[in-house]
Amino acid sequence: MPTLLSSLIPAAFVLIWATGFVAARYVAPLADPLAFVAARLALVAMVLAGLALALRARWPREPAGWRNGLLAGVLMQGIYVAGVFWSVHRGLPSGIAALVGSLQPLLTAAASEPLLGERVGPKRWAGIGLGFLGAGLVLLPKLGAVDAAGIPPVALAVCFAAMLAMTAGTLWQKRHGAGADLVTNACLQFVGGAAFALPLALLAGETRLEPSLPLGLGMAWSVLVNSVAGILLLMALIRRGAVAGVASLLFLVPPVSAAIAYAMFGEALTPVQIAGMAVAAAGVGLASGRR
């Protein structure tokens, strides 16, 4: 059973994480991006607070525990999610945004040894390289359709900063969140994310949320599945595994997102993309195994 569970948790995380991009596309016509992010983060914080009370989960006893959870949330939920949503809404092609996001495992692996003392061996580096190559092949058709002259530099910079924030948040969580309760720490993360995103949405004047069944369904999925389940799985993975190996799972997000888009929206899947899926899966398997 432990072996089966160990295999199911990474697979469930990748599937859930990939649905976030589909949900964002689903609700895009019905809400301003920052308004949707702010509402989502606030609702997730409330759901997790209720879950923590129901489970009588342990809250931090020291101020440092509260600070660590809130700061991880500002980085991983506030800056990262809001930055990606904003940059895509401001004209950054989704393929470019996904490619920038695929740099995160590379940076995490490079920083894990000096900051965490986790050695990334040749086998894991080879897996990370294969994963990046596979993700790039999946994104290749979208990248080929992009005119480099038409890429908004500000949106690209914001997306890159968001990726750096996610990397820093992952490393911070690994270093400071080992002894924290999963549910209460996740709640603090979304409180921190909401505290960043709410004022940002108001300052940007992005407050449109059109009440409708599609928006309600998209919000419910984003809150309960993509956010609550996704963050608990991510934190469990970070706690039990090397951070570089966990980060490499993100290479599977573009292939899984492409497969979901094919099933839901009829988007084409080319032979190159299918080959990229296989290469990414092989790379993640190599990077996630023993060093």
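Results, tabulated for the structure shown:
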item	result
Enumeration of residues in region 14-45 that are aromatic (F, W, Y) and over 17 Å from the mean Cα position of the chain (by Cα)	Y26
Any chance L237 is in contact with a Phe, Trp or Tyr (Cβ under 9 Å, 6 or more places away or on another chain), touching a residue at least 40 places away in the same chain (Cβ under 8 Å), closer than 14 Å to Q173 by Cβ and crowded, with 16+ Cβ neighbours inside 10 Å	yes
Which listed residue, of A287, A280, A247, is touching a Phe, Trp or Tyr at 6+ places or on another chain (Cβ under 7 Å), among the small types (G, A, S) and under 25 Å from R124 (Cβ atoms)	A280
Residue pairs meeting the criteria (Cβ under 7 Å; at least 6 apart or on separate chains; first more than 13 Å from L224 (Cβ to Cβ), in region 23-48; second among the aromatic types (F, W, Y) and open to solvent by 10 Å² or more (accessible area, probe 1.4 Å))	A24/F85; P33/F85; P33/W86; L34/F85; L34/W86; V37/F85
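Yes/no matrix, rows are residues, columns are (1) farther than 23 Å from V47 by Cα; (2) modelled with pLDDT of 90 or more:
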residue: G177; (1), (2): no, no
residue: A194; (1), (2): no, yes
residue: A197; (1), (2): no, yes
residue: L224; (1), (2): no, yes
residue: I231; (1), (2): no, no
residue: L234; (1), (2): no, no
residue: V246; (1), (2): yes, no
residue: M264; (1), (2): yes, no
residue: L269; (1), (2): yes, no
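The values are calculated or read from the model by the stated rules, or taken from the named source; none is laboratory data. Keep in mind the model is a prediction, meaning the values are calculated, not measured. We place every Cβ from the backbone using ideal geometry, glycine too, and count neighbours over all the protein chains shown. Heads up: the accessible areas ignore ligands, DNA and RNA and are worked out on the full protein's heavy atoms, side chains in. Shrake-Rupley method; radii C 1.70, N 1.55, O 1.52, S 1.80 Å.
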